[in-house]
Each structure stands twice: as C-alpha cells, then as structure tokens.
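Engineer: Before we start, here is the structure in question, set down as structure tokens.
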Amino acid sequence: QVQVVESGGGLVQPGGSLRLSCTATGRFFNFYTMAWYRQAPGKQREFVASITGGLTTNCADSLKGRFTVSRDNANYTAYLQMNSLKPDDTAVYYCNAAFSEINVWGQGTQVTVSS
C-alpha cells in the first residue's frame, strides 16, 4: 500500500521561503507523477505544481517564478520550493502520488505566511 507524507510546513514571514517535502512509499516511485495542491480556508483545492517520472514539470501560471517542484528518486521524495511567499499562499499543502491505478494523497502540511 502506497503512503504519502508531507513535511516542512510552518509559519513564515512575507517574502520568506519554505521547502516542502513529500515522501512516498512503493517500488514504483520512479514512475509516480508527484503533484502538489493547496487549499486555503473557504476555498477549493487548487493545483500548484507537478513533476512526472520523466522529470517533466508543470506549475500553475500564477505561481511560476516563485514555486519550483523537484524530486529525488533515490530518497523517494518530491519537493516544493516556495520563494517570495505572500499571505495569499497561506493554505494546507497536499501531495499526491499517481501512477496507473495508484492515486494517493497525503494528510497535508500547513503553511502560514504572516508577519
């Protein structure tokens, strides 16, 4: 059974940076598309960024230039580097691992951007 666990959230001041990590189990990790989503209070969950097993990346247009997704297959981990954070980036950030019939969500990690 595949498990997905996010970490790295916390409180950061506007303009600061955070790097989220997402570790996924399973022998097919190299093939997983790892995606990040976020959900702010009172809003729907929205796509943030993704990276395929072939290292193709995609990022929401509004976040390009500030957010970067990457992965380290040797450590079964995907990352979301977030720079120049704004209060509007405050949300629970979720990681998703998908491949074939696998589609697993993590429990989320809270990111709060506030002075």
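Engineer: How about the stretch 15-59: which chymotrypsin sites (Phe, Trp or Tyr not before Pro) there lie in a loop by DSSP and see at most 14 other Cβ atoms within 10 Å?
Structural biologist: Filter output for the stretch 15-59: Phe28.
Engineer: Still on this model: Counting only trypsin sites (Lys or Arg not before Pro) that are in a DSSP loop and have at most 11 other C-beta atoms within 10 Å, tell me the longest site-free stretch of the chain. Working shown, then result.
Structural biologist: Numbers: sites that count: Arg27, Lys43, Lys64.
Result, exposed sites excluded: 65-115.
Engineer: Can you compute the modelled spin-label distance between Gln107 and Gln13, with each label point 7 Å from Cα toward Cβ, in nm?
Structural biologist: In this crude label model, Gln107 to Gln13 measures out at 3.1 nm.
Engineer: Set the Förster distance to 35 Å, then compute FRET efficiency between Thr25 and Ser115 from the Cβ-Cβ distance, nearest 0.05.
Structural biologist: Numbers: r = 38 Å, r/R0 = 1.07.
For Thr25 and Ser115, the calculated efficiency is 0.40.
Engineer: Something else about it: Tell me, what % of the accessible area of the chain is carbon and sulfur with a 1.4 angstrom probe?
Structural biologist: Numbers: 2920 of 6230 Å².
Roughly 47 percent of what the probe reaches on the chain is carbon or sulfur.
Engineer: Would you mind computing Rg(Cα) / (2.2 N^0.38 Å) for the stretch 6-47, counting N as its residues? Before the final figure, lay out the partial values.
Structural biologist: Values: Rg = 13.5 Å, N = 42, 2.2 N^0.38 = 9.1 Å.
The value comes to 1.48.
Engineer: Let me know the whole percent of all Cα-Cα pairs from the stretch 43-104 that are separated by more than 16 Å.
Structural biologist: Result: 49 percent of Cα pairs exceed 16 Å.
Engineer: Under 5 Å between amide H atoms, partner at least 5 residues away or on a different chain: which partners does Gly16 have, H built in plane at 1.01 Å?
Structural biologist: Residues meeting the criterion, in which the H sits 1.01 Å from N, are Leu85.
Engineer: Suppose a student asked you for the relative contact order of the chain, using Cα pairs under 8 Å spaced at least 6 residues apart; what percent would you report?
Structural biologist: Details: 286 pairs, mean separation 42.3, N = 115.
Relative contact order here is 37 percent.
The values are calculated or read from the model by the stated rules, or taken from the named source; none is laboratory data. Everything quoted here is computed from the prediction, not taken from an experiment. In this analysis, Cβ positions are derived from the backbone assuming ideal geometry, glycine residues included, and neighbour counts consider all displayed protein chains. With ligands, DNA and RNA removed, areas are computed over all heavy atoms of the protein, side chains included. Shrake-Rupley method; radii C 1.70, N 1.55, O 1.52, S 1.80 Å.
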